[in-house]
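The values are calculated or read from the model by the stated rules, or taken from the named source; none is laboratory data. Predicted model only: the values in this text are computed from it and were never measured. Glycine gets a Cβ as well: all are built from the backbone with ideal geometry, and neighbour counts include every protein chain shown.
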């Protein structure tokens, strides 16, 4: 049985009236969660929403790059490394960081930690993740 959130991008606060992706000019700071395991994605998203973030949930690297290419802007990226499809979390983080050099990047993965692939100043947490460490690393959402 497929989880409803696996049907495609789940943007908790949908596009604005101008058709911009959530977070492109919104009132709250946006966190993008890229995770193909639906339960972990849901758990991360719920914790971030509770901490005050507007959350965009995506299941593949291709979806994440498409969202970014459509004008999406984020202050935080939480990504798995090995995702469904050819685009890895390493690639997603590099593209997002190019768009926003101040972007906080958190990798959560059961894959080996490859420090050479990480974007500078990012965090790596092995799975199973400890949510309190992820929330501490991302901090409070920045004020708009």
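Go through segment 66-119 and report how many residues are closer than 20 Å to residue 40 by Cβ, in contact (Cβ under 8 Å) with a residue 40 or more places away in the chain and in a loop (DSSP other than H, G, I, E, B). Summing the residues that are closer than 20 Å to residue 40 by Cβ, in contact (Cβ under 8 Å) with a residue 40 or more places away in the chain and in a loop (DSSP other than H, G, I, E, B) in segment 66-119 gives 3.
Answer yes if at least one residue in segment 51-63 is more than 19 Å from residue 28 (Cα to Cα), at pLDDT 95 or above and over 15 Å from the mean Cα position of the chain (by Cα), and no otherwise. Looking for residues that are more than 19 Å from residue 28 (Cα to Cα), at pLDDT 95 or above and over 15 Å from the mean Cα position of the chain (by Cα), one finds none in segment 51-63, hence no. Return the residues of segment 128-144 that are loosely packed, with under 12 Cβ neighbours inside 10 Å and within 14 Å of residue 111 (Cα to Cα); say none if nothing qualifies. Within segment 128-144, just 128 meets the criteria. If you scan segment 120-134, which residues turn out to be over 18 Å from residue 45 (Cβ atoms), in a strand (DSSP E or B) and within 14 Å of the chain's Cα centre (by Cα)? Across segment 120-134, the qualifying residue is only 124. Any residue that is over 19 Å from residue 124 (Cα atoms) and surrounded by 23 or more Cβ atoms within 10 Å (Cβ to Cβ) - is there at least one of those in segment 35-50? No: zero hits.
Against the condition farther than 15 Å from residue 92 by Cβ, at pLDDT below 95, touching a helix residue (DSSP H, G or I) at 6+ places or on another chain (Cβ under 9 Å) and in a loop (DSSP other than H, G, I, E, B), how does residue 2 come out, does it pass?
Criteria met by residue 2.
Looking at 76, 44, 83, just one residue is under 27 Å from residue 143 (Cα atoms) and touching a helix residue (DSSP H, G or I) at 6+ places or on another chain (Cβ under 6 Å), and that residue is 76.
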